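The structure appears right after this line, and notes come after that.
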Amino acid sequence: MGIESKTFRQWIMFNVQCSTFAVQFNKERVRSSAAKVDNASIAQRPCFLCKENRPAGQKSIDYQGRYEILENPYPIFPKHLTIPTYGHTPQTLQGRLGDMLQLAKDLPEYTVFYNGPKCGASAPDHMHFQAGSRHFMPIEDEWQDRIGDHLAVVGQARLHLMEDAPRNTLMMIAESQEDAITLFGGIMESLPRKMVNVLTYYEEGQWITFIFVRTKHRPTCYFAEGEEQMIISPASVDLGGVFITVREHDFLRISAADIEHILQEVCWQENEIGLFMTNIKKYART
Ligand SMILES: [Zn+2]
């Protein structure tokens with residue numbers, strides 16, 4: 001089962017503690033998976049999201065006079081968009097969750113996602129969202145059976161911790177954009193570390209938002225040498241359930257155990273979750 005196309009191959013194959021993970025072989029994504037994101041490397045390269053460095057004639061659509069909607073030249077999804085700001089300004093969600101939620105509402109065929117700096121963003125120096133075809137990432141169709149009681153409520157926005165260890169996804173369900181923004185602020189304030197990947201989509205009057213809390217950018221296998229090495233650099237899409245491999249060798253040999261191990265390494269685990277649970281209590285409705 002899967003999708004075959006000129007640019008990528010994919011098959012649905014793994015169950016990691018009851019969550020589905022597909023693996024995609026997509027060598028074009030090496031630009032992102034192996035991107036050097038240290039300050040010195042970033043300073044030396046031309047920014048590929050700034051208009052003057054993009055291919056002449058590349059089409060873009062204006063969004064609210066603040067963002068441009070572009071076709072991603074190296075797609076993971078059947079439809080894949082990159083949505084940078086006009087100006088060259090650092091990647092942050094601070095003050096921009098409303099834009100992200102509005103984009104999700106305005107792009108009903110897409111799931112909108114955000115990769116934090118040091119969480120998979122290959123252009124941490126230029127603010128951008130991405131959007132990909134809905135129902136492509138398994139998590140979108142698996143969360144319904146995995147949410148426990150809510151941890152916190154602000155008006156018409158509720159926060160849950162999914163039962164999907166070792167990914168340990170936070171999930172926000174909101175009917176109100178304003179309440180979602182307030183609750184998200186509380187979530188970020190309560191996190192011991194502000195490293196996140198975020199997915200959101202809008203359906204039947206609700207924003208469904210997944211927040212993957214990170215402890216590190218890249219897993220040990222990324223830096224290993226020889227046979228031990230796998231070039232895997234998880235970001236929103238991987239954590240949503242589509243792992244991207246850029247070398248055929250890695251694609252052919254990755255196992256459910258590897259995925260589980262990578263999730264344990266890059267996603268937050270018990271201690272940090274416990275600390276968060278204490279911090280978020282002030283938002284719990286009694
Ligand atoms: Zn730029």
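Some values worked out for this structure:
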item: Net dipole in debye of region 99-215 [+1 Lys, Arg Cβ; -1 Asp, Glu Cβ; about Cα centre; nearest 20]; result: 560
item: Charged-residue dipole, Cβ positions (Lys, Arg, Asp, Glu), region 154-222 about Cα centre, Debye nearest 20; result: 640
item: Pairs beyond 32 Å (Cα-Cα), from Lys36/Lys281; Lys105/Lys194; Lys216/Lys282; result: Lys36/Lys281
item: Cα-based convex hull volume of region 48-123 per residue, rounded to whole Å³; result: 107
item: Histogram of C-alpha separations across the chain, 5 Å bin width, %; result: 1, 5, 12, 17, 19, 18, 13, 9, 4, 1, 0, 0
item: Net +/- balance of residues flanking Arg167 in space, Cβ distance below 13 Å, scoring K and R +1, D and E -1; result: -4
item: Whole-Hz ³J(HN,Hα) from phi, Karplus 6.51 cos²θ - 1.76 cosθ + 1.60, for region 216-228, glycine and proline x; result: 8, 6, 10, x, 4, 4, 5, 9, 5, 10, x, 4, 6
item: Ratio of the Cα radius of gyration of region 21-170 to 2.2 N^0.38 Å, where N counts its residues; result: 1.14
item: Reciprocal of mean inverse Cα separation for region 105-211 (Kirkwood radius, Å); result: 14.4
item: Region 133-286 - Kirkwood radius from inverse mean 1/r over Cα pairs (Å); result: 16.4
item: At least 30 Å along the helix axis (C-alpha) and Kyte average at least 0.0, DSSP helices within the chain; result: none
item: Spatial separation of Cα centroids for region 188-248 and region 113-174, in angstrom; result: 10
item: Check: the chain dipole with +1 on Lys, Arg Cβ and -1 on Asp, Glu Cβ, in debye; result: 760
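No value in this document is a laboratory result; all are computed from the given coordinates. None of these values were measured; they are calculated from a predicted model. Backbone-built Cβ (ideal geometry, glycine too); neighbour counts: all protein chains shown.
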